[in-house]
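Okay, so here's the structure we're looking at.
The values are calculated or read from the model by the stated rules, or taken from the named source; none is laboratory data. Everything numeric in this text was worked out from a predicted model, so none of it was measured. Note that we place each Cβ from the backbone using ideal geometry, even for glycine, and neighbour counts take in every protein chain shown.
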Ligand SMILES: Nc1nc2c(ncn2[C@@H]2O[C@H](COP(=O)(O)OP(=O)(O)OP(=O)(O)O)[C@@H](O)[C@H]2O)c(=O)[nH]1
Ligand SMILES: [Mg+2]
């Protein structure tokens, strides 16, 4: 699994040489889980800790996340920091036009040679989405961007999970009625490192800022990062320099307190477990004897002679047996 197939070697060379086209192809390789994708990831990730700072933007549909992300990206580009962008579009009927809209809004940005933008559509399988998005972020990191920006719509658990892959999470809300309450319900309160009240050119911004600020005070003490609530008009770039400063301050806090290392460790643990569990699943169902045991177990359950508990127990027993057997054979 760790050996990169010979066919992928040219792609690996181009990726290492920093060619954009190779990054785009590598992302496709990973998204489609084509043969050798894990070996490819292993190869580029084991080359050292080239880690970009990851900044996530989340919030309700149409809150101005893309507009804001483009502004923040421009600020980084202006100081010669390269930027990778991953925009995740949920395939929800409510945001059918999101991809096209993002393309238009990010157009100016996309012509800058310092930036690389990738949109990903969510798939049917929830786990699939979370997994491949994380891997695309890994690719972005190892390609060597100084900053990796992620946009997700804060609508469901999966989106929250992806946002959890960021070092700093910016939750973008707008003064439309009930947004603050909505945010708390959607679990956005728990994941925010920075709040942005965008579209502050519209009425109700002050009330929302107050609402969020008092909700923050109700949160459990002990966390000594004071979550800022920023007033922003992304369309005009107002409040963007303050946001960039807040992101820096949060980054410094993460490092000072050891929280950055803790978050990355937590992420690493989830990833190792994920990959190990996937490998175990493959190992289980790729084994002929296990599949035979499954068929027998299913019949027995259908006839009322076994329950799924005893049948599953039999399968686990078979997997262990099979491992012991293989190990003994390998040692001969
Ligand atoms: N009035 C006002 N409109 C804004 C502001 N920022 C963005 N918009 C507009 O809000 C609309 C949605 O902006 P986007 O940046 O696409 O929002 P989004 O959150 O990325 O949207 P989705 O990705 O579709 O969820 C666009 O028409 C923007 O021009 C702002 O500060 N004030
Ligand atoms: Mg968007």
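Here is a check on your reading of the model: is residue 208 touching a residue at least 40 places away in the same chain (Cβ under 8 Å), surrounded by 15 or more Cβ atoms within 10 Å (Cβ to Cβ) and not in a strand (DSSP E or B)?
So residue 208 does not fit the description; no.
Take the residues in the range 147-165 that are at pLDDT 80 or above and more than 16 Å from ligand 2 (Cβ to nearest atom); name whichever of them is nearest to residue 258 (Cα to Cα).
165
Is one or more of the residues making up the range 244-257 in contact (Cβ under 8 Å) with a residue 12 or more places away in the chain and over 30 Å from residue 199 (Cβ atoms)?
Scanning the range 244-257 turns up at least one residue that is in contact (Cβ under 8 Å) with a residue 12 or more places away in the chain and over 30 Å from residue 199 (Cβ atoms).
Do any helices (runs of 4 or more DSSP H) lying entirely in the range 1-79 carry at least 3 residues that are in contact (Cβ under 8 Å) with a residue 40 or more places away in the chain, and which ones are they?
20-31, 37-45, 65-78
Of (1) touching a strand residue (DSSP E or B) at 6+ places or on another chain (Cβ under 9 Å); (2) modelled with pLDDT of 85 or more, residue 110 satisfies all except one. Which?
Failed condition: (2).
Within the range 246-263, is there a residue that is assigned by TED's automatic domain parsing to the domain that holds residue 73, surrounded by fewer than 15 Cβ atoms within 10 Å (Cβ to Cβ), within 16 Å of ligand 1 (Cβ to nearest atom) and under 27 Å from residue 200 (Cα atoms)?
no
Among the listed residues 85, 72, which satisfies the condition of being within 15 Å of ligand 1 (Cβ to nearest atom), modelled with pLDDT of 95 or more and either surrounded by 15 or more Cβ atoms within 10 Å (Cβ to Cβ) or more than 27 Å from residue 231 (Cβ to Cβ) (or both)?
72
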